[in-house]
Amino acid sequence: MDRDADGPCEEADGGGAGEEGAAGKARVVYPSEGLTLDTLVTQEDGCSPVYDLVSVCIHQGTTSSGHYTAYSRSGSGGWWLWDDTNLQASQLNQVVSQPDAHLLFYQATHDSYV
């Protein structure tokens, strides 16, 4: 995956506030489109960049062992699940409902600050 400098990375390891997920983890609810950080970052013109979700890394297991998978958005807007050597088409609702999301990758939208 090509990740450029204008895509912030958000950690979504179940330690934040949110709904209770599997095994007592707090599920973090995160936006797939239109993320703004205007309370943290404001440009000189008063505008704040807008970001869309482009990838999610999933870890299932413990801190000493487990399995990683990833979802990524294609250029046409579809979603794909990467699981070892398997690649499978997916849907946005499957991506955002994952209780074990650990890393979120966002990219600045074309109509926002870049």
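Coordinate-derived values only; no laboratory data. Model, not experiment: these values are computed from the prediction. Virtual Cβ from ideal backbone geometry, glycine too; neighbours counted across all protein chains shown.
Quick notes on this structure:
- Protection-proxy order for peptides 77-85, 94-102, each taking the mean of Cβ atoms within 10 Å per residue, highest first: 94-102, 77-85
- Stretch gain in nm, segment S97-S64, where the contour uses 0.36 nm per residue and the Cα spacing is subtracted: 9.5 nm
- Cβ-derived FRET efficiency at R0 41 Å, L37 paired with D83, nearest 0.05: 0.85
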